[in-house]
Every structure is written in C-alpha cells, then in structure tokens.
Amino acid sequence: MVAMGSSCTGSSRLDPAALLDAFLAVWRRHGEPLLKSAPYHEIAPHLVLMAFLHRVINGGGTLECEYAIGMGRMDLCLRYGAVTLGLEPKVWRDGRPDPLAEGLIQLDDYLAGLGLDSRWLVIFDRRAGQPPIAERTDSATRISPRGRSIHVIRA
C-alpha cells in the first residue's frame, strides 16, 4: 500500500480524486511558504508538485518528467499500478494570458497518445496582486475541445 493516507484504496490502488484533495489541502496550507523559500522561483511550482507526487513514487509508483507524446510533451506522467495520471503544470505570469485554453488543447494531444480520457491541468498563478494561495486555490472539471474531462487546478 502506498503511504498516502486516504489517497489509496484498501486494495493498494491509487485514488486520483483523493490524491487531488490531498494536493489541494497541502497547497492551501503550505504553498506560500514553500514558494517563498524556493531558490529557483521560475520552477518552484513544478518542484512543489513533484515533491508532493514523490509520495506515490515511494510507494511503488513512477513519475516521468517531460514525457514525449506525439508532437508535444507532457511535463509529468504519474503511474501507480493500473492508474496513469497525466499532469500538465502551467505557470501564469504577469503580462501573459490565462494558460487554460492552451493547456486544455495540449492535454488533449497528450491524453490521446496515452489512451486516457481524464487528467489534471495545474495552473500556478504567480501574477502580482493575487489573493493568498489558501483563498484562491480551487479545482473544477472542464471539458477539453475533444470532449475529455480535465481537472483544472488553479493554485
């Protein structure tokens, strides 16, 4: 069994919904101090997400970075038993448009290459003047242009 509390079922299966809830709770509680203490501010959100997912790796899963599929690449691909979870982290910076539309299209291509229908798009909002992470972090399901269910996490 993966040492992830309620993120795994009693049969040692990864529960993506419980993993999402756990990530949201960790991010709301620890996101601000983790980002402030990271020496590499450009990649800090990616490092925090990867550190969180490392709990699954410790339990027998794998995490592949810059996973090449088709014409693009997926930043993260988490595998644990029969569960494969494609993750696309994006950072929203000052002066740039919301990466949601681009991320949904990109994930469509990635998921088609993996034969998956539902996964995560994590948008880390690093723009100045935003509410605290604990207040702005949320998750909603969006439908991609090709009809896939994507969990969009705004962090």
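Couple of notes before you dig in:
- Of the candidates D75, D108, D21, the single residue that is surrounded by 13 or more Cβ atoms within 10 Å (Cβ to Cβ), at pLDDT below 90 and assigned to a helix (DSSP H, G or I) is D108.
- Single unsatisfied condition, C8 versus (1) at pLDDT 90 or above; (2) buried (at least 19 other Cβ atoms within 10 Å of the Cβ): (1)
- Residues of the range 111-130 that are among the aliphatic types (A, V, I, L, M) and either surrounded by 11 or more Cβ atoms within 10 Å (Cβ to Cβ) or under 18 Å from E66 (Cα atoms) (or both): L111, A112, L114, L116, L121, V122, I123.
- Tabulated pairs, the range 76-93, first over 23 Å from L35 (Cα atoms) and touching a residue at least 60 places away in the same chain (Cβ under 8 Å), second crowded, with 19+ Cβ neighbours inside 10 Å and among the aromatic types (F, W, Y), C-beta under 8 angstrom, 6+ apart or interchain: L85/W120
- Of all residue pairs spaced 6 or more apart or on separate chains, those with beta-carbon atoms under 6 Å, a first member in the range 96-124 that is farther than 22 Å from L24 by Cα and a second member that is surrounded by 15 or more Cβ atoms within 10 Å (Cβ to Cβ) and of a type in the set (S, T, N, Q) are D108/S144.
- Scope the range 57-72; condition touching a helix residue (DSSP H, G or I) at 6+ places or on another chain (Cβ under 7 Å) and at pLDDT below 90; matching residues: I69, G70, M71, G72
- For the range 131-144, the candidate set comprises residues that are loosely packed, with under 12 Cβ neighbours inside 10 Å and either farther than 17 Å from A101 by Cβ or of a type in the set (K, R) (or both); within that set, the residue that is nearest to the chain's Cα centre (by Cα) is D138.
- Near pairs, Cβ below 8 angstrom, 6+ apart or cross-chain, from the range 47-62 (at negative phi and surrounded by 14 or more Cβ atoms within 10 Å (Cβ to Cβ)) to any residue that is part of a helix (DSSP H, G or I) and among the hydroxyl-bearing types (S, T, Y): R55/S7; V56/S7
The values are calculated or read from the model by the stated rules, or taken from the named source; none is laboratory data. On a predicted model such as this, the values are computed, not experimentally measured, just so you know. Because the Cβ atoms are built from the backbone with ideal geometry, glycine has one as well, and the counts that use them run over all protein chains shown.
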